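*Asks:* This is the structure I have questions about; it appears just below.
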Amino acid sequence: VQLQASGGGLVQPGGSLRLSCAASGSISGFNVMGWHRQAPGKQRELVASMTSVGNTNYADSVKGRFAISRDNVKNTVYLQMNSLKFEDTAVYYCKFTSVRAAYWGQGPLVTVSS
């Protein structure tokens, strides 16, 4: 499975960004697509994930601000990020997990700065 992520950039506090991640390859059956992030000097953490049957999971720090969605026909997951804060600055990594393995995409950088 290959993952192609896009959508990072520089945004001011309170602004919005949308990340996309398209998966290609051997994709079938139950799976989870999601986003993790890693800020400088910190461990990678889960931001949000969504199963192929629609169940979602969010980090407490982004609940109410971020929304994950996916298009199972396009095998693409999206992360709509609103009300961005300085502490949301990080490299965001897309992850695809099947019953057999987990795959990581090259993360887009999101920088929240005034």
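*Asks:* Modelled label-to-label distance, residue 73 and residue 100, 7 Å Cα→beta-carbon offset: nm?
*Replies:* Modelled inter-label distance: 2.6 nm.
*Asks:* Rounded to the nearest 0.05, what FRET efficiency do residue 57 and residue 85 give with R0 = 22 Å and r taken as the Cβ-Cβ distance? Could you check?
*Replies:* Details: r = 20 Å, r/R0 = 0.92.
Once rounded, the FRET efficiency stands at 0.65.
*Asks:* Give the carbon-plus-sulfur fraction of the accessible surface of the chain in %, rounded to a whole number; probe 1.4 Å, heavy atoms of protein chains only. Write out the running numbers ahead of the final one.
*Replies:* On the way: 2920 of 5990 Å².
That share works out to 49 percent.
*Asks:* Quick query: amide H of residue 47 versus all other amide H atoms, modeled in the peptide plane; which residues come in under 5 Å with a sequence gap of 5 or more or a different chain?
*Replies:* 35, 36, 37
*Asks:* Ok, one more. Find the eigenvalues of the gyration tensor of the Cα atoms of the stretch 19-68, then list the square roots of 5 times those eigenvalues as equivalent ellipsoid semi-axes, largest first, in whole angstrom. It would help to have the intermediate numbers written out before the result.
*Replies:* Values: eigenvalues 95, 42, 17 Å².
Taking √(5λ) for each eigenvalue gives 22, 14, 9 Å, largest first.
*Asks:* In square angstrom, what is the accessible area per residue of the chain with a 1.4 angstrom probe? Provide the component values of the computation, followed by the final result.
*Replies:* On the way: 5990 Å² over 114 residues.
Heavy-atom SASA per residue in the chain reads 53 Å².
The values are calculated or read from the model by the stated rules, or taken from the named source; none is laboratory data. Keep in mind that this is a model prediction, so the values were computed, not measured. Every residue, glycine as well, gets a Cβ built from its backbone with ideal geometry; the counts of neighbours run over all protein chains shown. Surface areas here come from the heavy atoms of the whole protein model, side chains and all, with no ligands, DNA or RNA. Shrake-Rupley method; radii C 1.70, N 1.55, O 1.52, S 1.80 Å.
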